[in-house]
1. May I ask you to list the residues in segment 302-336 that are open to solvent by less than 10 Å² (accessible area, probe 1.4 Å) and touching a residue at least 60 places away in the same chain (Cβ under 8 Å)?
2. Of all the residues that make up segment 338-371, how many are of a type outside the set (Gly, Ala, Ser), open to solvent by 20 Å² or more (accessible area, probe 1.4 Å), in contact (Cβ under 8 Å) with a residue 60 or more places away in the chain and part of a loop (DSSP other than H, G, I, E, B)?
3. Assess whether residue 164 counts as being in a loop (DSSP other than H, G, I, E, B), open to solvent by less than 60 Å² (accessible area, probe 1.4 Å), over 12 Å from residue 190 (Cα atoms) and at pLDDT 95 or above.
4. If you scan segment 213-249, which residues turn out to be over 16 Å from residue 269 (Cβ atoms), outside any loop (DSSP other than H, G, I, E, B) and open to solvent by 50 Å² or more (accessible area, probe 1.4 Å)?
5. With respect to residue 412, determine if the residue is at pLDDT below 85, surrounded by 20 or more Cβ atoms within 10 Å (Cβ to Cβ) and in a loop (DSSP other than H, G, I, E, B).
6. For the list (1) more than 21 Å from residue 116 (Cβ to Cβ); (2) of a type in the set (S, T, N, Q); (3) open to solvent by less than 20 Å² (accessible area, probe 1.4 Å); (4) under 15 Å from the mean Cα position of the chain (by Cα), I need the number of the one condition that residue 299 fails.
7. Can you name the number of the only condition in (1) at pLDDT 95 or above; (2) buried (at least 20 other Cβ atoms within 10 Å of the Cβ); (3) not aliphatic (A, V, I, L, M) that residue 253 fails?
8. Look at residue 294 and say whether it is in contact with a strand residue (DSSP E or B) (Cβ under 6 Å, 6 or more places away or on another chain) and assigned to a loop (DSSP other than H, G, I, E, B).
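The values are calculated or read from the model by the stated rules, or taken from the named source; none is laboratory data. Bear in mind that the values here come from a model prediction, so they are computed numbers and not experimental data. As a convention, Cβ positions derive from the backbone with ideal geometry for all residues, glycine included, and neighbour counts pool all protein chains shown. Only protein heavy atoms, including side chains, enter the accessible area calculation; ligands, DNA and RNA are left aside. Shrake-Rupley method; radii C 1.70, N 1.55, O 1.52, S 1.80 Å.
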Amino acid sequence: MKTKKTYFFAALIAVMLVQAACNFPSANQTDPAATLNALYTQSAQTLEAMATQSASTSTTATGYLSPTASSSTSTPVPGFSTPTSIPPYKTSVPVTRCDWADFVLDVTYPDGSVIGRNQPFTKVWRIQNVGTCSWSTSYSLVFVDGDAMSAPAVIALPGTVSPGQTIDIPVNLISPARDGRYRGFFKLRNASGVLFGVGSTASTAFWVDVKVSGESFTAYDFSAHYCDAQWNNGVTILPCPGIEGDNQGYVVRVDAAKLENGDPAGSAGLLTYPRDANNGFIQGIFPAIKIQDGDRFRSIINCRTNSAGCNVIFRLDYQINGGALKNLGQWNEAYEGKWYSLDIDLSPLEGKNVVFILTVYANGSPLKDFATWINPLILRPGTPPPTPTPTSTATATATATATATATATATPTNTTTAP
């Protein structure tokens, strides 16, 4: 009996040890791979995505909307798909390459985007590093074929990209002068000068594809009507036009605006300088505009030429019927000789009377924060409506009428005769 008890307790202890072992942490657990934040600017976001990110702000007693600038990060992108399963009894040998890219999405100007003639714009691709080697700033984007659209021959990557991470790669372009469909092809180039791209053999180019058409017109020109807006700095109402050098902030129209690198932009713009305070801002609230299907907000944003030290946040918001303030996007822009073009589809707001709010924040100190909205407008597809022609109205002409004239009548006068 004693021997049986001994066996029983020995078996019980063995079972307890097995259960305890099942609860020990596994050495095979790993942390998820980190993703890379957007390295240049926040991409222009579609209204469908913005609908879930609306940032409501209460109106202050003075009527200012006072949006709060906030930083945002890129949405993590799933990694490169693994090879499909193979029949049993065979081993898979994964394909590995040092330099290998994967196209993720068109951040701006997806294929077939309509754009005007001779219009500056910024194409941005989101690309993932699916190779085994890190990309450094010695890597670059290069034009390889097709329609160059004034693209630089070589553009250095804006940051380091480790395997598995993504990067937003911008290139400044100018659309051709004639209507048509245009496509330009690009690849990446490593530090040794070797080209590589996307696809199963890392050799396929990615591209920009736009349709140039003159069949569009300006439905609303913000720079032409900038004094129709109410400008404020969160503390006081600002005069329009403003006075350059005003520490409260100011807005003035620039008739011959220039790109940040000094090249002429070919259009007017708005120079907006925030209030002289840490993270100060200037904001313009425009009258309501009725939006139609196909309308797009477009503008080029950059710092004024020769404004070293400029570091600002451009922000575009909208409001409908006095409701919550909703954000269409914000973009951090520093003085580095580059510019960024916005192209935002407003079609989801079709039929609504929309108030647009243009805001510029000082990203810290406002020193040299000469922020310029170049040619901010709402572009509408089609031909412009005919301009009403004044119609002459017949006017009755007065006819001369004979007027009776009084005739003087001699009045007898008493004459006194001397005696």
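1. 302, 303, 307, 310, 315, 317, 325, 328, 329, 331, 333 - these are the residues of segment 302-336 that are open to solvent by less than 10 Å² (accessible area, probe 1.4 Å) and touching a residue at least 60 places away in the same chain (Cβ under 8 Å).
2. Matching residues across segment 338-371 total 5.
3. Yes: the conditions hold for residue 164.
4. 228, 230, 237
5. no
6. Just one mismatch for residue 299, condition (1).
7. (2)
8. Criteria met by residue 294.
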